[in-house]
Amino acid sequence: MSRQLFPPSVNYLARWILFLIFSGITTATVIFYYGYRSDWWQGQQMAPDQPILFSHHHHVTELKIDCRFCHSTVDQSSFAGMPATSTCLTCHSGVFTDSPMLAAAVQSEQTGTPLKWNRVYDLADYVYFDHSVHVSNGIGCTSCHGDIGNQRLTRKAQQTYMSWCLDCHRDPAQYIREPKDIYSPSAPARSNLTENRKVELLHQFRIGGQHLTDCTTCHR
Ligand code: HEC
Ligand code: HEC
Ligand code: HEC
Ligand code: HEC
Ligand code: HEC
């Protein structure tokens, strides 16, 4: 006489457990996939903590200070450059300021320790990026950094996924702009020029045929 090791009801239970495990894995995968790529997870719209609550809105839109006054190597090198404390203190004199909002700058000047700004945009080390090649060739700040002129605290306006770089590298015409608008803090991210003008600018900047989508362009 064959005896069942477990009663039939266990079989039923086991199927339920399997079902729950399977649907749990599926749910976790879906949450992970969409959650990980979501704006919330990637920190979009969230400004990192900073030693001073610096406002681009105030400095570039209201006071109309040019980007290059503070990011002085953006048109010359791969790195945009971050302002030295002394750059801030040309206007916010270290000796006379008593604003608590600027206390960290005064302390930085007195101790000779640079301000430590936390990064908003930060590519992985295996990606090569160069500012000057973009801003000298008709691609403006707001196409990549959003409407920085409206930001009171700097936050990520654009996820720096590979697909985003490639979207533009495949068809830069959709973003090309007039040279006078490169540093505009409020120009639209996408080009609003006529098709003819886009073609003229692509020609002027000699864009096209540089293998912009080759892996080795960005992974060297
Ligand atoms: C008066 C100085 C000043 C000017 C002018 C200025 N910035 Fe900045 N910028 C800063 C400081 C300070 C930070 C670091 C604090 C922060 O992230 O807000 C910064 C940070 C940034 C960042 C984020 C960098 C990172 O951490 O990844 C971007 C992007 C940026 N600036 C773009 C611009 C653009 C575009 C302009 C011109 C439209 C501009 N800035 C003009 C001082 C300035
Ligand atoms: C070209 C002049 C200029 C430069 C350079 C400049 N600022 Fe300002 N900033 C101003 C003016 C003008 C105001 C508004 C007047 C004020 O509140 O003192 C201001 C306001 C501020 C405020 C608000 C102060 C308060 O008490 O409400 C902060 C914070 C600030 N700036 C930080 C910085 C930092 C950090 C830098 C360097 C990265 C910098 N600024 C560079 C001109 C400048
Ligand atoms: C084609 C897209 C693109 C354009 C155009 C662009 N940036 Fe950036 N910017 C980036 C990326 C990507 C990073 C992150 C770089 C990294 O992590 O190596 C960055 C980083 C920065 C930083 C942090 C310091 C650094 O160099 O890593 C500053 C400041 C900055 N950008 C300012 C500017 C200003 C000012 C302009 C316009 C004159 C500008 N950017 C135009 C994509 C762009
Ligand atoms: C809005 C459009 C745009 C975006 C976004 C963009 N690029 Fe570019 N990039 C260009 C254009 C246009 C050129 C060609 C410039 C020229 O004429 O040399 C270029 C050139 C380059 C070059 C130099 C290629 C060479 O000639 O050696 C590198 C490297 C590069 N991009 C990396 C990146 C990376 C990495 C990203 C994403 C983080 C990115 N780019 C995002 C438009 C863009
Ligand atoms: C225009 C610039 C650019 C080109 C061209 C490019 N990549 Fe990327 N790649 C990136 C950026 C930006 C990232 C994301 C980096 C980060 O997350 O900080 C990336 C990430 C990656 C990753 C890591 C996984 C991921 O998707 O985040 C791999 C693998 C990769 N690239 C392979 C390639 C291969 C293979 C090619 C050629 C077919 C290529 N890339 C072409 C810019 C580029």
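The values are calculated or read from the model by the stated rules, or taken from the named source; none is laboratory data. Since the model is a prediction, treat every value here as computed from it, not as a measurement. Cβ coordinates were reconstructed from backbone atoms using ideal geometry, including for glycine residues, and neighbour counts include every protein chain displayed. Accessible surface areas use protein heavy atoms only, side chains included; no ligands, DNA or RNA. Shrake-Rupley method; radii C 1.70, N 1.55, O 1.52, S 1.80 Å.
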Discussion item. Conditions first: (1) in contact (Cβ under 8 Å) with a residue 12 or more places away in the chain; (2) closer than 22 Å to residue 220 by Cβ. Residue 81 passes all but one, so which condition is the exception?
Written reply: (1)
Discussion item. So if I check each of 176, 182, which one is in contact (Cβ under 8 Å) with a residue 40 or more places away in the chain and either open to solvent by 60 Å² or more (accessible area, probe 1.4 Å) or within 12 Å of ligand 4 (Cβ to nearest atom) (or both)?
Written reply: 182
Worksheet item: How many residues are within 16 Å of ligand 2 (Cβ to nearest atom) and acidic (Asp, Glu) when one looks only at segment 112-153?
Response: 0
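Would you be able to tell me the number of residues in segment 111-121 that are open to solvent by less than 40 Å² (accessible area, probe 1.4 Å), in contact (Cβ under 8 Å) with a residue 40 or more places away in the chain and within 15 Å of ligand 4 (Cβ to nearest atom)?
1
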Worksheet item: For residue 72, are the conditions met, namely being closer than 19 Å to residue 158 by Cα and either open to solvent by less than 40 Å² (accessible area, probe 1.4 Å) or within 20 Å of the chain's Cα centre (by Cα) (or both)?
Response: no
Fill in: Among residues of segment 175-220, those that are within 16 Å of ligand 2 (Cβ to nearest atom) and within 11 Å of residue 139 (Cα to Cα), counted
1
Practice prompt. Keeping to segment 160-217, report how many residues are more than 16 Å from ligand 3 (Cβ to nearest atom) and of a type in the set (Ser, Thr, Tyr).
Written response: 2
Item to complete: For segment 83-104, name all the residues that are near ligand 2 (Cβ under 8 Å from one of its atoms) and open to solvent by 50 Å² or more (accessible area, probe 1.4 Å).
Response: 90, 91, 92, 100, 101
Worksheet entry | Those residues of segment 122-157 which are touching a residue at least 60 places away in the same chain (Cβ under 8 Å) and open to solvent by less than 50 Å² (accessible area, probe 1.4 Å), in sequence order | 127, 135, 137, 138, 141, 148, 149, 151, 154, 156, 157
Fill in: Of the criteria (1) within 16 Å of ligand 4 (Cβ to nearest atom); (2) open to solvent by less than 40 Å² (accessible area, probe 1.4 Å); (3) modelled with pLDDT of 95 or more, which one residue 79 fails
(2)
Discussion item. Quick check on residue 12: is it away from ligand 3 (no atom under 16 Å from the Cβ) and either over 26 Å from the mean Cα position of the chain (by Cα) or modelled with pLDDT of 95 or more (or both)?
Written reply: yes
Practice prompt. Grab the helices (runs of 4 or more DSSP H) fully contained in segment 147-219, keeping just those with 1 or more residues being among the acidic types (Asp, Glu) and in contact with a helix residue (DSSP H, G or I) (Cβ under 9 Å, 6 or more places away or on another chain).
Written response: 162-170, 195-204
